[in-house]
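Worksheet: the structure to be examined is printed underneath.
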Amino acid sequence: MSGSAHLEVSVPLSEHEQRLLEQIERALVDDDPKFASSVRTGDRRLKARRKLQLGALLVLVGLAVLVGGAVAPSVPLGVLGFLVMFGGAALGVLNYRSATGVVEAGPAGARGGATAARGRGGKPRKQPLKNRLEERFRRRYDQ
C-alpha cells in the first residue's frame, strides 16, 4: 500500500488518555524493544515536506512532458504529462497541511460558547459535525 495516500488528523488527547498512552508505550518498549524501535516513526513534517517537494517536482516534470507533447504533436505524450502534473499537484495538496504544520482550531476553541461559534458578522455559525459530537461525548463523560 505504498502508493496510497494516507490522511492524518491530529486530535489532542486528554491528560488521562496521554497517561494511558505513555503507559502502553512503556509496556511495549519493556516487552519487545526491537519491535518498538521498528514501529517508531520519524518526524511527520519532514516526511510530508519531502512528499510536498516531490509533488512540486512532478508538476514541473509533467508540465515539461505536456509541452513536449504539444510541440511534437503527440496526444498520448500530452495526456501522460497532464496525468503526471495532476498526480504531483494532488500529492502536494494532500501533504501541504502536514508539511507546514498548520493546525485547525479544534474543539478547545468551541468551548467558548456562542461567541466562539459566531462569524465576523455576528451570526451564529454551525460547528462541524465532528466538533458537535465530541462536545456531546465530553458532556456525557464529565457527568
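The values are calculated or read from the model by the stated rules, or taken from the named source; none is laboratory data. This is a predicted model, so every value here is computed, not measured. For neighbour counting, all protein chains shown are included, and Cβ atoms are generated from backbone atoms with ideal geometry for every residue, glycine included. These area figures cover heavy atoms from the full protein model, side chains too; ligands, DNA and RNA do not enter into them. Shrake-Rupley method; radii C 1.70, N 1.55, O 1.52, S 1.80 Å.
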Problem - Packing-based order for 75-84, 23-32, using average beta carbon neighbours within 10 Å, highest first - result: 75-84, 23-32
Problem - Leu13 accessible area, assembled protein chains, probe 1.4 Å, Å² - result: 80 Å²
Handout entry: Length gained when the stretch Leu54-Ala27 is fully extended (0.36 nm per residue, less Cα-Cα span)
Key = 6.0 nm
Handout entry: Simple spin-label estimate for Tyr141 and Ala90 in nanometres, 7 Å along Cα-Cβ
Key = 3.5 nm
